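Accompanying notes for the structure given below.
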Amino acid sequence: MTQPVLTVPAADRLTLVRTLWREVLEVDEVPEDVNFFDAGGDSLLLVALVERIRQATGQAVRTMDVLRAGTVRGQAELIGGGDTVAR
């Protein structure tokens, strides 16, 4: 049985991804345009982040896509199907 895919407005996607980063990285704040690895992430934390994104959205995102998206903003756009997140 598959989990339903959630449709999340752009601003909420940004908040969701930022929250997931803070949880995975165990930090209080993360900039939206900093690379995951520059923010303190590593490959194991990336895998954890991908799983958290899957659980939160119901989307079968791929690790490589999350890696390429790189930033909070990029990953928010990724889970929005490419919809641009306003600054």
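The values are calculated or read from the model by the stated rules, or taken from the named source; none is laboratory data. Please read all numbers here as calculations on a predicted model, not as lab measurements. So basically every Cβ, Gly included, is an ideal-geometry build from the backbone, and we count neighbours across all protein chains shown.
For the reader, a short list of remarks on this structure follows.
- Taking segment 71-81 as the range and being outside any helix (DSSP H, G or I) and modelled with pLDDT of 95 or more as the test, only Thr71 passes.
- Looking only at segment 46-68, and only at residues there that are basic (Lys, Arg) and not in a loop (DSSP other than H, G, I, E, B), the one that is surrounded by the fewest Cβ atoms within 10 Å (Cβ to Cβ): Arg68
- Scan segment 1-23 for residues that are over 16 Å from Leu78 (Cβ atoms) and at pLDDT 95 or above and the total you get is 2.
- Any hit, segment 31-45, residues being on the phi > 0 side of the Ramachandran plot, surrounded by fewer than 17 Cβ atoms within 10 Å (Cβ to Cβ) and modelled with pLDDT of 90 or more: yes
- Matching residues, segment 50-69, being in contact with an Asp or Glu (Cβ under 8 Å, 6 or more places away or on another chain) and among the aliphatic types (A, V, I, L, M): Ala69
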